[in-house]
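To start, the structure under review is shown below, and the notes come after it.
The values are calculated or read from the model by the stated rules, or taken from the named source; none is laboratory data. Here the structure is a predicted model, which means the values were calculated and not measured. Cβ: placed from backbone, ideal geometry, glycine included. Neighbour counts: every protein chain shown. What goes into the accessible areas is simple: the full protein's heavy atoms, side chains included, and nothing from ligands, DNA or RNA. Shrake-Rupley method; radii C 1.70, N 1.55, O 1.52, S 1.80 Å.
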Amino acid sequence: MAELPDNLVMPFEIKPLGVRGRIVRLGAVVNDIISRHDYPMPVSALLAEAVALSAMLGASLKFEGKFILQTNTDGPVDMVVSDFASPGKVRGYARFDGPRVDELDPVTPGTLLGKGHLAMTVDQGVDMERYQGIVPLDRTSLSEAAHTYFARSEQIPTRLRLSAGPLLERGPRAAQSWRAGAIMVQHLPRHGGMSPMRMTSGDAPDGAEEPLTENDDWVKARLLLDTVEDHELLDPTLSPETLLYRLYHEDGVTVYPPIALERHCTCSREKIGDVLRRFSGEDRTDMIEDGVINVTCEFCSTTYRFTPEEAEGKD
Ligand SMILES: [Zn+2]
């Protein structure tokens, strides 16, 4: 059987419903990111979901740029960082307290994170304004937080799903391999005015909650999205086109050329050397262990080794 396309973001549109969306499939790329760390299973799953979410949202960048997703919370996982650099480079890491993760009950993405916030930053270079959206987290999953963001900041009706987990690979060597998937639909009717809007009624007393009406097409699209099973988002034998067809064949789906995703890191010996030289001599001396300074990149776990002379900038 020919291998299905994997590690991609595929944009799609359901024209009759005024709905656009994106689907993310991550196999080898997310497995590479997870394998570079030695995280407990639930922390790996949380990071894999974050990578899928940042790829899905970052793929909407219209220009060269970077999309950075970062949580800062008081839970056992106090930080998750995942970034996307156009056209399709992803990386990520998590910071956590091992014993607190082990003691956690129940273990959910929400309880792992705890209370704090999720920041989503769009950085499109020096000529463009840096944009940041911040959503509170309170034992909230990443998908719930993203829903809050779209409802409050963008006011675009949005529904998304995230899934991540290790799959047992078939074959002579039963190895575990991480996968992650995501799907999102948004109601972006061509002529505007069709999306959910507040009904203004002259009779409503001041300050009363005005009822929100939802467009029927949008309701249909989001209810169908809710029928997606986690395993469908992860299944490497199910193509994104097949999954979209299963969901939206009645109205017809148009798929657009996918964006290929790859793991990357921007760290280099030169950059880390520059950082080391900015420390005071005393601080650098404190970093010496067994005669050398080792610096490990948090994103990709590459360790760079410097002699004290190299760290000082002497060759
Ligand atoms: Zn790195």
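Summed over segment 48-71, the residues that are within 15 Å of the chain's Cα centre (by Cα) and either without any contact (Cβ under 8 Å) to a residue 60 or more places away in the chain or in a strand (DSSP E or B) (or both) give a count of 9. Checking each residue in segment 1-21 for being surrounded by fewer than 24 Cβ atoms within 10 Å (Cβ to Cβ) and not hydrophobic (A, V, I, L, M, F, W, C) picks out GLU3, PRO5, ASP6, ASN7, PRO11, GLU13, LYS15, PRO16, GLY18, ARG20. Please determine, by comparing only the residues of segment 84-140 that are of a type in the set (D, E, K, R) and within 21 Å of ARG36 (Cα to Cα), which one is farthest from the ligand (Cβ to nearest atom). Of everything passing the filter in segment 84-140, ASP102 is farthest from the ligand (Cβ to nearest atom). Exactly one residue among THR254, THR303 is within 16 Å of the ligand (Cβ to nearest atom) and either loosely packed, with under 13 Cβ neighbours inside 10 Å or farther than 30 Å from HIS37 by Cα (or both), and that residue is THR303.
Do we find a residue being in a helix (DSSP H, G or I) and either surrounded by 16 or more Cβ atoms within 10 Å (Cβ to Cβ) or of a type in the set (Ser, Thr, Tyr) (or both) anywhere in segment 113-122? Write out each step before concluding.
We begin by selecting, within segment 113-122, every residue in a helix (DSSP H, G or I); these are 113.
Still in the running and either surrounded by 16 or more Cβ atoms within 10 Å (Cβ to Cβ) or of a type in the set (Ser, Thr, Tyr) (or both): 113.
Within segment 113-122, one or more residues are in a helix (DSSP H, G or I) and either surrounded by 16 or more Cβ atoms within 10 Å (Cβ to Cβ) or of a type in the set (Ser, Thr, Tyr) (or both).
Which ones in segment 242-251 are surrounded by 15 or more Cβ atoms within 10 Å (Cβ to Cβ) and free of Cβ contacts under 8 Å to residues at least 60 places away in the same chain? Scanning segment 242-251 gives a single hit, LEU247. Return the residues of segment 128-146 that are out of contact with any Phe, Trp or Tyr (no Cβ under 6 Å at 6 or more places or on another chain) and either open to solvent by less than 50 Å² (accessible area, probe 1.4 Å) or of a type in the set (D, E, K, R) (or both); say none if nothing qualifies. Within segment 128-146, GLU129, ARG130, LEU137, ASP138, ARG139, THR140, SER141, LEU142, SER143, GLU144, ALA145, ALA146 qualify. Within segment 282-300, being part of a loop (DSSP other than H, G, I, E, B) and open to solvent by 50 Å² or more (accessible area, probe 1.4 Å) holds for ILE288, ASP290, GLU298.
Inspect all residues belonging to segment 276-291 and state whether any of them is modelled with pLDDT of 90 or more, within 16 Å of the ligand (Cβ to nearest atom) and within 24 Å of VAL90 (Cα to Cα). Full working, then the answer.
Initial filter on segment 276-291 (modelled with pLDDT of 90 or more): 276-291.
Applying the additional criterion that residues be within 16 Å of the ligand (Cβ to nearest atom) yields 276.
Add one more test, that the residue is within 24 Å of VAL90 (Cα to Cα), and what stays is none.
The answer is no; no qualifying residue exists.
A search for C-beta distances below 6 Å between a residue of segment 81-106 that is of a type in the set (S, T, N, Q) and any residue that is open to solvent by 60 Å² or more (accessible area, probe 1.4 Å) and more than 13 Å from the ligand (Cβ to nearest atom), counting only pairs 6+ apart in sequence or on different chains, returns SER86/GLU64.
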